[in-house]
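The values are calculated or read from the model by the stated rules, or taken from the named source; none is laboratory data. The model shown is predicted, which means the values in this text are computed figures rather than measured ones. So basically every Cβ, Gly included, is an ideal-geometry build from the backbone, and we count neighbours across all protein chains shown.
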Amino acid sequence: MAKGPTYCVPFRRRREGKTNYRLRRALLLSGKPRLAVRKSLKHIRLQVLEAKIEGDYVLAAASSEELKKFGWLASCGNIPAAYLTGLICGFRAKAKGIEEMVLDIGLHKPTKGSRVFAALKGVLEAGIKINHDEELLPDDETIRGERIKSYAELLLSSNPDLYQIRFSGYLSKGLKPENIVDHFQEVKEKIVSSFKVGGE
């Protein structure tokens, strides 16, 4: 560890690898609320944050765990779930009068077509303005779960035992993974209609 009379100990969260303060400062200078997108293996969470002297204030939020309320039976950590979670968060932000935000992906690497950008696409389609590169967003087929469907159909025909293992979570809930595209559309329609009726 560096030592000396001019050495400054970095902030705790910087030492722990949790916060990039240079990036955070650049985002705060925009003066707009931040859309913080954070993901784990099983879930994705979004928060619309407003920075104040005392700390960050949460204006709106959504978690993929909430999708179960709308009948979602598939994984809460995949790309379709990330998009739907973004859609919910976008509608909630819109209901609070928020029209524009900046994207904050934290320490996640900006990988083209990732869950982070699937969530961003959901927020954008809810009517929120966020500066972004269109090329980073996953295509509509991926958002709907077409890749999951194709892979499930391939396994079902070539290796039924592996199909049962890979999609045991889906099957245990009564959802055949090859039907995920239709299931996605049904859940999306429920989300859109629930916010049109009066929101949450």
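Of all the residues that make up the range 67-110, how many are without any contact (Cβ under 8 Å) to a residue 60 or more places away in the chain and among the aromatic types (Phe, Trp, Tyr)?
The total comes to 0.
Identify, please: which residue in the range 128-149 is out of contact with any strand residue (DSSP E or B) (no Cβ under 8 Å at 6 or more places or on another chain) and surrounded by fewer than 12 Cβ atoms within 10 Å (Cβ to Cβ) and is, among those, nearest to residue 72 (Cα to Cα)?
Here is the first cut: in the range 128-149, the residues out of contact with any strand residue (DSSP E or B) (no Cβ under 8 Å at 6 or more places or on another chain) are 133-149.
Filter once more, keeping what is surrounded by fewer than 12 Cβ atoms within 10 Å (Cβ to Cβ): 133-135, 139-140.
Values: 133: 29, 134: 27, 135: 28, 139: 21, 140: 19 Å.
Top of the filtered list is 140.
Given (1) at pLDDT below 95; (2) outside any loop (DSSP other than H, G, I, E, B); (3) surrounded by fewer than 16 Cβ atoms within 10 Å (Cβ to Cβ), identify the lone condition not met by residue 2.
Going through (1) at pLDDT below 95; (2) outside any loop (DSSP other than H, G, I, E, B); (3) surrounded by fewer than 16 Cβ atoms within 10 Å (Cβ to Cβ) one by one, residue 2 breaks only (2).
How many residues are in contact with a Lys or Arg (Cβ under 9 Å, 6 or more places away or on another chain) and hydroxyl-bearing (Ser, Thr, Tyr) when one looks only at the range 158-185?
1
Considering each of 58, 48 in turn, give the residue that is in contact (Cβ under 8 Å) with a residue 40 or more places away in the chain and either under 18 Å from residue 98 (Cβ atoms) or exposed (fewer than 14 other Cβ atoms within 10 Å of the Cβ) (or both).
Numbers: 58 fails: in contact (Cβ under 8 Å) with a residue 40 or more places away in the chain.
Selected residue: 48, the only one of 58, 48 that is in contact (Cβ under 8 Å) with a residue 40 or more places away in the chain and either under 18 Å from residue 98 (Cβ atoms) or exposed (fewer than 14 other Cβ atoms within 10 Å of the Cβ) (or both).
Which condition number does residue 127 fail, the rest of (1) modelled with pLDDT of 95 or more; (2) more than 23 Å from residue 144 (Cβ to Cβ); (3) small (Gly, Ala, Ser) being met?
(2)
Any idea which of 102, 123 is among the β-branched types (Val, Ile, Thr), surrounded by 12 or more Cβ atoms within 10 Å (Cβ to Cβ), at negative phi and in contact with a Cys (Cβ under 9 Å, 6 or more places away or on another chain)? Walk me through how you get there before you give the answer.
Values: 102 fails: in contact with a Cys (Cβ under 9 Å, 6 or more places away or on another chain).
From the options 102, 123, the qualifying one is 123.
Given the conditions (1) under 17 Å from residue 195 (Cβ atoms); (2) in contact with a Pro (Cβ under 7 Å, 6 or more places away or on another chain), report the number of the one that residue 49 does not fulfil.
The number of the failed condition is (1).
Can you find, within the range 152-200, the residue that is modelled with the lowest pLDDT among those that are aromatic (Phe, Trp, Tyr) and under 18 Å from residue 83 (Cβ atoms)? Steps first, please.
Start the filter on the range 152-200 by keeping residues that are aromatic (Phe, Trp, Tyr), which leaves 163, 167, 170, 184, 195.
Still in the list and also under 18 Å from residue 83 (Cβ atoms): 170, 184, 195.
Values: 170: 96, 184: 98, 195: 92.
Result: 195.
What number of residues in the range 30-79 are part of a helix (DSSP H, G or I) and within 11 Å of the chain's Cα centre (by Cα)?
Taking the range 30-79 and keeping what is part of a helix (DSSP H, G or I), we get 64-70, 79.
Adding the requirement that they be within 11 Å of the chain's Cα centre (by Cα) leaves 64, 79.
Going through the range 30-79 one residue at a time, the tally reaches 2.
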